[in-house]
Each structure stands twice: as structure tokens, then as C-alpha cells.
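Comments concern the structure below.
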Amino acid sequence: MSDTPTETNGHTNAPPLPLDDRRGGLGEVVRISWPASVSMLNSTLMRFVDALMVSFVGAIPFSAQFLAGMTAFIPESFAVGVLMVVNTYVAQNFGAGRLDRCSQYTWAGLRLALVFCVLIAPLALLARPIFELMRQGPEFGNPPELIEMEVMYFRYMVLAIFFTLTARPLEQFFYGIHRPRVVLVGSIITNVVNIIGAYTLIFGSEAIMGHLRHLGMEVTLPHWSARGLEGAAIAVVVSWVVYFAILLGVFLSGPMDRQYRTRTATRVLWSDIKDIFRTGWPAGVQFLNDIGPWVIMSAIVSSFGWEHLTATSVAMRWMPLSFMPALGIGIAATALVGKYLGAGRPDIARRRTHTALKLTVAYMGLCGLAFLIFREEMVRFFITVLPTEPGQEALASEQVERIVRIGGGVMICAALFQLFDAVGITYISALRGAGDTLGPMLIVICTSWILVVGGGLFTVWAFPQLGSVGPWIAGSVYVVVLGILMTWRFERGAWRKIDLLKRGDATVTGP
């Protein structure tokens, strides 16, 4: 199926509708979803490799990186959720053949992203009070240097939002016009930059020369000091600068300007910004809520001591390898639902969603099986590289085994909810493509706070013998319930009546 706009289906410049729809448009779904999934996987791998390298520095930096990074993403997550609906508006206008409007909504998203950056940046000044409030103190086994590292890493991540947030509308533009490979190439280059930068800055010149000598290579490098966790943070900021520059360069390129007027259709209408925020704020609250309760749960887990926090940190380093590619398929579902609603074909939008659901369930089901079978090996993969303090070899060995046991229990919980997580991710993404964001937001808020936070606190009070696995059981119940509720909301079909393009019902065809 071509991406080239033509005059078809009654809409000037609308992309052609598929000729062969017998398999639910599997080829089209795969063609759009695989670059998006790999792009999301690249983002996950960047964090995964960073965490692996930091784990060589020590258990304390490893845990600090995890919680500080998640905490920094809480305020950013609201903005990300809002800006993701740029995909919705771009895709629907792309389906309707209104190509100028695709770039206009992207420019509106960029302006809105800058506003979010200015509002979030002052949080860097509040880093210390935030983490002192979250930490219970040394009586719970949390070393004092943990807060210092968390404060430092948090501040770097807040600095990075000036590039992470402004890149989001550009990502969504390329997803909306069904050009996800632009994002894929950008993410690959960014990953390479981050890996090189993190390795260089985390370990320093002396360690790198030692690594090279171990491989049989004698190389003399200029001296620079190892920066540890701070080096990883600097590499993240630099890589996001590169990513933003790549996407902006392609967006403003000649071919894009000729087709979508990306350089000339820069006038931002207040109504466009209002459209994005009106449709996007529920998605932003939902995305914020997707992060917030899990951070609170991590804080609850930390009350059992740093070993439980480390076990949770390890398990949550693996989980994105499952749900991030699934989010890529979800991005494709958003773009396809938006495109076919813009073209007046909700029937095709529904079939594409079901095809995306099959892919997501298959992928996350395999990941869940791997989590279950290889749970201890996956936890041990990180833990065995954590340095041991001199004179504490026996104690460290005992700690490793306790962390592996705790982490194994967490991985079982993760394995059990994978299929339901796939269902929730796909249907929420499809509903976003239709502009249905308020209902999913309310469902997510109610269920997550009742089950993740409330249920997590209840298990700590009622079943303390479960340790950190208790809150994870509550989190698993939440994912199952959410998947069931999202299935009900999509299949009842009320999203078909949403008209973001304000065209009335005249253009809607199909059953």
C-alpha cells in the first residue's frame, strides 16, 4: 500500500484504501508497527545498557539511577501523554488528505512542548527535598550516599527534557504520516551515541585502556576521570540532543516541505494548541498515572530495605523489553485508527486494531514465558556484576542470593500479567487514535490508585511476610483488571462517533 496521497475515497489527497483486507491488513500493520516497535526497543536498550554499565560501578548507583530516572519522568510523563495525540491529529488529517494541517499540528505540538519544558525545569531545584521525603533513612537500610546520587541524576534528567519533549511532536508527525522508519533511524544513531558516550564517561580512560589490554590491544588515551553515574547521565543528555536534531532536520528537509509544507505552514493557530491539549490532557493524566503509582510502589518496596529495591530495580529493567515494543505496535494502532477514521472507515480501523492486538499478545506472551522460565537467570545477570566491597565477600554472596530470590518472585508476577498488559496497551492506543482519551484516563486513575497504591499498602500491612512481592501481586491484579475494562470500552464501539475533524457523519462509511 502506497503512502503517496492521491485523490481517492472522496477526499482530496487522501491515501488510497487497501485493496486486500482479507487478513485484517496484517501487512500494513506490520509495515508500520515494526519500525515503531524497534524504535521503542532502542529507547529501552539505551536505558538497559546504561543500567548494565552502571551496575559495574555499584549497587547503590544502580538503585539510584532507577528510582531517580523514574521520578524525573513523572512530570514529563504528563507532557508526553498530551503530545502523543499529535499522532492522532496528524493521522486523521493525513487520512482526510489535509496535508498542510499535518505540519501545522506538529508546530503547535512543538510550541506546547516548550511550554511544558519551562514549567518542569524548576523541579531541578527541588530535587533534594523530593528524595529526602521519599527516603525513610538509614534505619531502613538506605545508605546516605543514595540520596546524593539520586539528586544528581534527577537534575540531569530534568535538563534532558528540553530535548526529549521537543522530540515528541516530531516523532508523532512521522508516525502519523506512516513514515516510522525516520524515527527508527534516528533512534539507532542515538543509541550508538549514548553507548559510546556512557562507556567513555562512566569508566574513564584508565579503565578503558585496561579493557583494551585485556583484549590484546595496547592503546594510549588522553587522561579523563571516571564519572560513574554522572557520566551515564551526561551521555543521556547528549544522545537526546542528537535525536532531536535528526528528527528536526528531516522534518524541515526539502521533500517534507514540498509535500507537507513543513517550513511554510508554520503559523500556529491557538485553536490547534487547544485541540491538542483538549484531547491530550486526559491522555497526559493517564500517562502520568501510569508512572506515578509504580514509583510510589517502588518507594513502598524500599521500606523493606535496599535489597528489595535492588530486586525490583532489576526486574523493572527487564520489563520494558516486553512492553516497549508493544507500545510501538500501539503507536501503529493509533496511526491506523486515526488514518481510517479520517478517511471515514471505522470498520477498517476496528479490523486493524484487532490485527495489532494479535501481534501484541503474541509478542508479550513469549516475553512472559521467558520471564517465568529464566527469572532467576535474568535477575542474576545484573546482580553478579555488582562490585563486592573488600572484606565482605561472604556477606555479598548471601545478599546476591536474597536479591535473586526476591527478584524471582517479582518476575513471576510480571510473567502472569503480560497477556493482559498487551490487551490494555493495544486498546488504549486504538482509542487514542479515535480521540477517546477521557474515559480511559478515568478508568486508569481509579483502578491504579485503588489496586497498585491501595492494594500495595494493604499487602504490606496484612501480609508483611510476602515482603516486596506483596505490592507486586497488587500491581498484577491492576494490570489484569485494566485489560478487561479496556476490552469492554473498545468493543462497545462508542469511539466511532467521535469527530475530531468536525465533518459531521456524512463521510463515515462501512459497517
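Quick notes on this structure:
- Residue satisfying all of: in segment 178-195; open to solvent by 40 Å² or more (accessible area, probe 1.4 Å) and in contact (Cβ under 8 Å) with a residue 12 or more places away in the chain; nearest to GLN259 (Cα to Cα) among these: ARG179
- Within segment 25-38, residues that are of a type in the set (S, T, N, Q) have Cβ atoms under 7 Å from residues that are crowded, with 24+ Cβ neighbours inside 10 Å and part of a helix (DSSP H, G or I) in these pairs: SER33/GLY328; SER33/ILE329; SER33/ALA332; SER33/ALA356; SER37/PRO325; SER37/GLY328; SER37/ILE329, counting only partners at least 6 apart in sequence or on another chain.
- Among residues of segment 247-268 that are on the phi > 0 side of the Ramachandran plot, those with a beta-carbon under 9 Å from a residue that is aliphatic (A, V, I, L, M) and at pLDDT below 95 at least six positions away or on a different chain give the pairs ARG261/LEU99.
- Within segment 313-331, tally of residues that are in contact with a Ser or Thr (Cβ under 8 Å, 6 or more places away or on another chain), under 16 Å from ALA362 (Cα atoms) and of a type in the set (Gly, Ala, Ser): 3
- In segment 73-102, the residues that are within 23 Å of MET134 (Cα to Cα) and over 13 Å from the mean Cα position of the chain (by Cα): PRO75
- Candidates PHE48, PHE56 - the one that is among the hydrophobic types (A, V, I, L, M, F, W, C), modelled with pLDDT under 90, open to solvent by 10 Å² or more (accessible area, probe 1.4 Å) and out of contact with any helix residue (DSSP H, G or I) (no Cβ under 7 Å at 6 or more places or on another chain): PHE56
- Just one of the listed residues (VAL423, VAL361) is out of contact with any Lys or Arg (no Cβ under 9 Å at 6 or more places or on another chain), at pLDDT 95 or above and open to solvent by less than 30 Å² (accessible area, probe 1.4 Å), namely VAL423.
- Those helices (runs of 4 or more DSSP H) of segment 83-177 in which 3 or more residues are surrounded by 22 or more Cβ atoms within 10 Å (Cβ to Cβ) occupy 85-95, 99-120, 145-176.
- Within segment 407-416, the set of residues being crowded, with 24+ Cβ neighbours inside 10 Å and of a type in the set (A, V, I, L, M, F, W, C) comprises VAL410, MET411, ALA414.
- Here the condition is being buried (at least 17 other Cβ atoms within 10 Å of the Cβ), outside any helix (DSSP H, G or I) and over 18 Å from the mean Cα position of the chain (by Cα); of THR262, THR310, it holds for THR262 alone.
- Complete set of residues in segment 287-307 that are more than 21 Å from the chain's Cα centre (by Cα) and of a type outside the set (Val, Ile, Thr): SER302, SER303, PHE304, GLY305, TRP306, GLU307
- One residue alone among LEU41, LEU67 is modelled with pLDDT under 85, open to solvent by 10 Å² or more (accessible area, probe 1.4 Å) and part of a helix (DSSP H, G or I), and that residue is LEU41.
- TRP461 being modelled with pLDDT of 90 or more and surrounded by fewer than 16 Cβ atoms within 10 Å (Cβ to Cβ): no
The values are calculated or read from the model by the stated rules, or taken from the named source; none is laboratory data. These figures come from a predicted structure and were not determined experimentally. Cβ: placed from backbone, ideal geometry, glycine included. Neighbour counts: every protein chain shown. These accessible areas exclude ligands, DNA and RNA; they are computed on the full protein's heavy atoms, side chains included. Shrake-Rupley method; radii C 1.70, N 1.55, O 1.52, S 1.80 Å.
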